1. What number goes with the only condition from (1) of a type in the set (A, V, I, L, M); (2) more than 20 Å from ARG506 (Cα to Cα); (3) in a loop (DSSP other than H, G, I, E, B) that MET642 does not pass?
2. From (1) surrounded by 17 or more Cβ atoms within 10 Å (Cβ to Cβ); (2) touching an Asp or Glu at 6+ places or on another chain (Cβ under 8 Å), pick out the condition that doesn't hold for GLU190.
3. Which one of the conditions (1) at pLDDT below 95; (2) buried (at least 16 other Cβ atoms within 10 Å of the Cβ); (3) of a type in the set (Ser, Thr, Tyr) does THR622 fail to meet, given that it meets all the rest?
4. Quick test for you: out of PRO474, PRO448, pick the one residue that is surrounded by 19 or more Cβ atoms within 10 Å (Cβ to Cβ), in contact with a helix residue (DSSP H, G or I) (Cβ under 6 Å, 6 or more places away or on another chain) and not in a helix (DSSP H, G or I).
5. Specify which of the listed residues (ARG270, ARG242) is in a helix (DSSP H, G or I) and touching a strand residue (DSSP E or B) at 6+ places or on another chain (Cβ under 7 Å).
6. Does any residue of segment 161-168 turn out to be crowded, with 19+ Cβ neighbours inside 10 Å and of a type in the set (S, T, N, Q)?
7. For segment 286-296, indicate whether the set of residues that are surrounded by 19 or more Cβ atoms within 10 Å (Cβ to Cβ) and touching a strand residue (DSSP E or B) at 6+ places or on another chain (Cβ under 7 Å) is non-empty.
8. Within segment 184-192, does at least one residue satisfy the condition of being of a type in the set (Ser, Thr, Tyr) and closer than 16 Å to TRP285 by Cα?
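The values are calculated or read from the model by the stated rules, or taken from the named source; none is laboratory data. Nothing here was measured: the structure is a model prediction, and the numbers come from that model. Cβ coordinates were reconstructed from backbone atoms using ideal geometry, including for glycine residues, and neighbour counts include every protein chain displayed.
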Amino acid sequence: MRRFLPAVVLGILALVVATPVQAGYIILRIVLEGTEPAPIPGGGVGLEGAPMGGVFQPPKGGGVPQPPNPGGVPAAQPAHDPTRSLVVILPIEEDLRKVAPFYPMPAHQLRNPLWQPKTHLTLHNEKIVTNLFTDSSSIQWYTELKEAPGIKTTYATDVRQRYATWAKTKTDLKAGYNLVVEALGYGMAEDAVKFADELLIAAQVKKDSLVPEVANFVRVYQSIQPGLTAPAPKRSNTDFWRVRLEATNLTPSPHYAILSWDATEDEVNRRRTLLEENFKAFFLWHATRGIEVKLPETPLIVVMAKQGSDVKRLAVALDAPARLIADGFFSPEHEILVLSPERLDSLGQTFNAQTRDMYRDGITRKLLLAGRGPDIHVNGELEMRKPDDVARLQTIALIERLVEEQTTVSTISREGTLQLLFATKQFPRFVALPEWVTNGAVNFFTRPKDPAFLRHADGKWWMTVAPSPGYGVPNYVLQRQFRELYGPLMDEPKERKDLPEHRAQRTILLKNTISDAYFRGLRDPRDINDPDPVKLDNSGIALNSGGTTPNGQNPGPGPGPGPGPGPGPNIRPPMGIGQPPGGVGQPPIGGPGTEPLTPREEDANALMRKKRELLSVKSQATSWALYYYLAKARPDELRKFMTELSGLPRDLPLDSETLVAAFGRAFGIAATPEAFAQFADEWLNYSRTVPPVGIEIPLAEPKMPVGTPMNPGGMPPNGPFPPGKSR
């Protein structure tokens with residue numbers, strides 16, 4: 001879709017231009033598979049095929065391939081798997097109706113036409129200028145969040161504006177405390193520290209009249225404040241690991257020592273910034289709960305792998321789990337955090353492969369993100385690019401940069417938090433902790449990088465997104481998945497809640513979670529064991545587990561949405577997720593180098609993958625939901641439980657009975673079915689009352705891109721763009 005406007009039509013701009021005007025956020029979705037249309041006769045922007053479809057390199061000069069049939073009739077569109085897409089959320093604090101020259105130089109009707117929309121963004125001091133492009137097919141826009149929280153206002157600007165108002169008087173200290181909590185909830189770690197510093201100064205004047213929440217926060221924050229910015233007082237064993245790993249570079253940071261090889265200075269500095277932000281947010285969140293956590297005395301060791309394949313080799317060498325959940329890992333045995341330079345799942349690998357060819361003929365991502373690129377001509381003459389083609393490249397480069405940011409943030413908030421939990425001795429090093437505890441704790445702090453994809457009962461697909469996921473708020477992906485899996489146990493009519501079978505189901509869910517039953521069911525890839533005896537649909541009717549989602553829907557076609565091979569043709573998990581908990585890079589059963597599978601073997605493997613995907617989601621969603629409830633509603637008992645676990649024998653795997661008994665002692669639950677049923681009721685009733693963080697948005701089917709010649713007046717034939725719809 002052309003978005004440039006020659007000067008002759010500026011007078012009618014307000015009447016004909018349809019853009020996501022004055023948006024707070026725009027969602028950009030790039031579809032990686034199943035959207036390769038046939039060319040449209042008559043000119044326009046052509047799409048050259050790519051192995052997986054969806055990301056294309058426009059031909060130089062802007063031409064289109066010839067139709068495959070004499071009549072030029074577009075071929076039938078292949079099946080579209082909605083989960084084969086990457087989604088980023090772009091904050092907008094400007095008026096996108098503003099028209100400016102395509103390149104930052106004087107406008108020229110043919111060689112540098114006017115264009116809109118154009119966005120400006122700053123990421124870690126990197127100034128980004130991008131001409132936005134959509135074809136409603138491989139690149140889609142969604143504007144449902146254009147007024148979240150207001151026009152031309154993001155949550156960050158909203159919080160900062162309210163802070164500026166509060167800072168003028170600083171009379172209401174509880175309001176200042178709430179701003180700290182809210183800033184953390186939106187991932188604004190540096191702002192939260194700034195607000196906390198101001199609150200601490202103001203509290204010294206009124207320290208005798210502080211409400212308990214503020215008083216507890218001030219007490220803890222006053223103790224940890226110097227250590228949040230001062231370097232760790234002691235040296236770590238960085239030199240040993242630098243020699244052992246043969247790392248060429250060591251980058252110091254106040255609380256980290258970063259080992260790398262060929263990473264650029266910008267890449268290292270970005271990771272260092274995000275690590276320090278996560279460090280501050282971790283301790284600041286505990287302070288808001290009145291919990292004092294001792295800061296590490298030595299810098300924490302971080303390794304930036306050279307490439308994604310190196311992460312898996314390092315995982316083997318450093319005794320990490322065989323199946324990686326994030327794009328990196330933490331090794332408790334060696335106290336090292338490893339970060340991947342790229343996504344490790346199939347979506348990320350496909351996207352990287354398809355964008356690699358963009359950067360040729362002197363085109364770089366840095367150039368494109370500076371709002372520049374190759375020479376252009378409105379009609380693609382003189383072997384120049386059309387503005388549409390370059391705007392497409394710039395938009396893909398922007399998506400690539402934001403995907404990279406989201407990937408690093410998600411990995412650091414998960415695996416980096418696990419490193420902090422061990423470094424602060426909240427997790428004992430030599431005790432075999434329950435998997436639900438470790439996963440629940442890190443998922444409590446994780447900032448997800450992808451939406452949750454969900455198909456509703458009418459067969460239509462939706463995605464659950466959150467504009468600014470932060471710390472202390474629900475994990476919007478796992479929250480949505482938990483409700484999808486166990487909503488019937490949370491939301492049944494009052495008259496059914498006390499039925500014996502319903503209370504039994506709640507108790508089974510609690511004990512399965514406490515005893516790591518869902519994680520144990522994943523141990524053997526050829527013997528998946530789902531401990532749930534039945535599943536419930538939304539009316540509470542028991543369903544057979546085969547071939548349906550937790551609410552009884554047909555799974556439908558398509559490969560799995562995340563890392564690894566996916567469940568295979570015509571089978572998919574009940575809910576697509578961008579990074580399924582099952583792991584990254586797990587080789588398929590019967591993969592390359594094996595004998596061809598028989599149809600029966602293929603069916604068995606497809607079913608096994610489907611069961612693994614479902615059980616992976618269950619294990620992560622249930623562990624998060626239980627830990628979130630305990631951390632929010634019963635923090636003292638949770639700490640008592642962790643103390644109980646710390647006293648167990650070193651490195652001894654814990655059986656189900658031991659785990660359930662330890663849990664019961666810490667939380668004062670009598671060893672009776674009725675007592676556990678009561679606790680399960682309290683947990684699920686609490687989960688029902690937690691407001692959802694994610695926002696559900698219907699997915700648009702990829703459309704055939706419109707490509708028609710410019711009319712004599714130079715105006716592209718664009719119709720209105722209704723608010724709340726994709727483009």
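1. Looking at each condition in turn, MET642 falls short on (3).
2. Against the list (1) surrounded by 17 or more Cβ atoms within 10 Å (Cβ to Cβ); (2) touching an Asp or Glu at 6+ places or on another chain (Cβ under 8 Å), GLU190 comes up short only on (1).
3. Just one mismatch for THR622, condition (1).
4. PRO448
5. So the residue among ARG270, ARG242 that is in a helix (DSSP H, G or I) and touching a strand residue (DSSP E or B) at 6+ places or on another chain (Cβ under 7 Å) is ARG242.
6. Checked against the condition, which is being crowded, with 19+ Cβ neighbours inside 10 Å and of a type in the set (S, T, N, Q), segment 161-168 yields no hits at all.
7. For segment 286-296, residues surrounded by 19 or more Cβ atoms within 10 Å (Cβ to Cβ) and touching a strand residue (DSSP E or B) at 6+ places or on another chain (Cβ under 7 Å): absent.
8. Yes.
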